[in-house]
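Here's the structure, in structure tokens; my notes come after.
The values are calculated or read from the model by the stated rules, or taken from the named source; none is laboratory data. Just so it is clear, the structure is predicted and the values come from calculations on it, not from any experiment. To get the accessible areas, we keep the full protein, side chains included, count just its heavy atoms, and leave off ligands, DNA and RNA. Shrake-Rupley method; radii C 1.70, N 1.55, O 1.52, S 1.80 Å.
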Amino acid sequence: MKPYNKNLKQASHDLRNNMTDAEQLLWSRLRNKQILALHFYRQKPILNYIVDFYCPATNLVIECDGGQHFTEDGLEADHIRDEALAQLGLKVLRFDNGQVMGQIDDVVESIINICNS
């Protein structure tokens, strides 16, 4: 298990209770070990971040990105975040909300491919 930030416990709880539609859809496909019998956590605090989904067995972080991630500031913040997570040996897989909502089977297939590699 990667470094857990107890200070973000309440924030991660709040995020779990207020997931976006894209996060809810993806979670419906990740939960209960539906993908390769792998356990995923949702809204998991790691370092000073809360990642959308985390699979410790594969060191995989999955992010569902809304429009704010595609601004100049958002892209820079994501780059810094991804670098910090990579320092822990984590792979970060990003999907925009439109991909998740419109192409969930392709998203799941991408996750399976990454987990198998």
- Taking the range 9-42, which residues are basic (Lys, Arg) and in a helix (DSSP H, G or I)? 9, 16, 29, 31, 33
- Applying the selection to the range 44-93, what residues are in a helix (DSSP H, G or I) and open to solvent by less than 40 Å² (accessible area, probe 1.4 Å)? 69, 74, 78, 81, 84, 85
- Can you work out which of the residues in the range 105-117 that are open to solvent by 30 Å² or more (accessible area, probe 1.4 Å) and either of a type outside the set (Ser, Thr, Tyr) or in a strand (DSSP E or B) (or both) is nearest to residue 25 (Cα to Cα)? 105
